[in-house]
Amino acid sequence: MPELAEVAELVLWTDAAEWDWNLHNIAPVRHLDPDRVRPRDFALSGRAGRGPEPGAEVVFVNIGNAWPFHAGFLRMIQRLPTIVVLHDMTIQELCFDGMERGLLDQDVYLENMRRAHGQAGVEAAKLVLGHEMGAGALARTYPGFELALTHAVSVVTHSRVAQQSVDTVSDVPTYLLDLPFRPSLRRPEVYRSGLGPLRLVQFGYTGPNRRLESVLRALASLKHEVDFCFDVMGKLWDTGYLRNLVNQLGIESRVTFHGFVDEGFLDQKLQQAHLVFNLRSPTMGEASGSQLRIWNACAASVVTNLGWYADLPDETVFKINPDREAEELKSIVRSLYADPSRGNGKALAGRERLEQIHNPARYAAAIKKVAEKFPQDAAHSLLGSRCSFPGCGTLN
């Protein structure tokens, strides 16, 4: 946001009841009601110094998969033309969590599923509503991002996979930008100590697709030949199950579940780590903010050779084939135990990529260019017949 505020007139909008007032040092913050806000409201917010007529405002809306942050905005973009920044391809959890809490209309959701996926999509969604299937399982076949395209003038994605997925179902203009991350002012040391156990880390919002169970089983098979300690930080989908698994595998003395930790503690652990596990199978299609944080710490990581991760330069990460997950994980751990410096080159190359490709100023300049194309993209959207979702052509 600071970099974007330097190149454009920026106003921040939220439906949250409160926010960090330090944001006002960057740009004015406005509160909105997602069900009543109108395009004119956005335009009037940017009138300062422009005379009596409102300016032509470009509205960017960030859509992820967490109902507290995105449910209101998902409702809003069903009726207003916006540029959608698509952070997650799979937003079915957002939809079902929102419906459960009365934040999204079930009939509208089912009609959107019918328009996007036909009756098969509706029947699959009803299985989730009937508690016969989980939303995560539904998302593997019907990811749900199509529900964010109702009135999209254009879409910003952060991975080639996501861009191609949008292009497959719609002719809305798409823009592929590298996800930004502000690197630390001081580059951490790349060197990891060769003394003591191999230090391993995993962190973040961890569901089954993050492959933690597979990592634990692979490490357990190495417990008699590799001295390691494994720190797991963040929210887990089933902490009780994983603790029991660790006990059954006989590695409870080597694995620590920290839960949520502050950023300083997390960065310290990353800077000490010989290897960070950042696996995704199946991949959810979008870029990994976790990977950018790993590179910021000058740490080596192992990723699954799928989606956005498959496009990463080989010199920046270790990659494994999902069909040979256990064997290749064990091979990497063994090689690092034999030579803890083996990951240094990848850690350094990753940090350099972070600084050059993912810096916020580069991203802000690209966002400005997307905004400048809004008039022609809006004309394209009006002329095209791309949208088959409910509400197309009817702005309230």
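Pick from Q119, Q272, Q291: which residue has the top mean-square fluctuation in a GNM of the chain where Cα pairs under 10 Å get a spring? Result: Q119 has the largest fluctuation of those listed.
Amide H contacts of L104 (H built 1.01 Å from N, in plane; Pro and chain starts excluded): M99 sit under 5 Å, all sequence-distant by 5 or more or on other chains. Of the residues H224, H358, H31, the one that moves most in a GNM of the chain with alpha-carbon contacts below 10 Å is H224. For region 252-308, which GluC sites (Glu not before Pro) pass both filters: DSSP loop (anything but H, G, I, E, B) and at most 15 other C-beta atoms within 10 Å? Listed in order of number, the matching sites are E252. The modelled label-to-label distance between S253 and N359, using points 7 Å beyond Cα along the C-beta direction, is 4.8 nm.
F181 sits with roughly 40 Å² accessible to a 1.4 Å probe, with DNA, RNA and ligands left out of the calculation. First obtain the Kirkwood hydrodynamic radius of region 299-343 from its Cα pairs, then insert it into the Stokes-Einstein equation at 20 °C and 1.002 mPa s, and state the resulting D in µm² per second as a whole number. For the chosen part, D equals 196 µm²/s. Using the Cβ of G121 as centre and a radius below 14 Å, the other residues enclosed give a net charge of +1, where K and R count +1 and D and E count -1.
Contact order, relative form, for the chain: 18 percent (alpha carbon pairs under 8 Å, 6 or more residues apart, mean separation divided by residue count). Projecting label points 7 angstrom from Cα along Cα→Cβ for D227 and S335 puts them 2.3 nm apart. Accessible surface area normalised per residue over the chain is 47 Å², counting heavy atoms of protein chains with a 1.4 Å rolling probe. With R₀ fixed at 25 Å, the C-beta to C-beta distance from D167 to T14 puts the FRET efficiency at about 0.25. Take every pair of alpha-carbon atoms less than 8 Å apart whose residues are at least six positions apart; their mean separation over the length of region 76-170 yields a relative contact order of 50 percent. Rg/Rh for region 191-259 (Cα atoms only, Rh after Kirkwood) is 0.96. DSSP finds beta bridges in the chain, and of those with both partners inside it, around 5 percent are antiparallel. At full extension, L110 and A27 could sit 26.1 nm farther apart than now, given 0.36 nm per residue minus the alpha carbon distance.
Taken over the chain, lysine pairs spaced eight or more positions apart, or on distinct chains, with alpha carbons under 26 Å apart number 14.
Listed values for region 304-309 are Karplus-derived 3J(HN,Hα) couplings in whole Hz (6.51 cos²θ - 1.76 cosθ + 1.60, θ = phi - 60°), namely 7, 7, 9, x, 4, 5, and x replaces Gly and Pro. Considering region 54-181, its Cα convex hull presents a mean projected area of 8.6 nm².
The values are calculated or read from the model by the stated rules, or taken from the named source; none is laboratory data. Bear in mind that the values here come from a model prediction, so they are computed numbers and not experimental data. Every residue, glycine among them, receives a Cβ derived from its backbone with ideal geometry; neighbour counts consider all protein chains shown. Areas reflect the complete protein model, heavy atoms only, side chains present, ligands, DNA and RNA absent. Shrake-Rupley method; radii C 1.70, N 1.55, O 1.52, S 1.80 Å.
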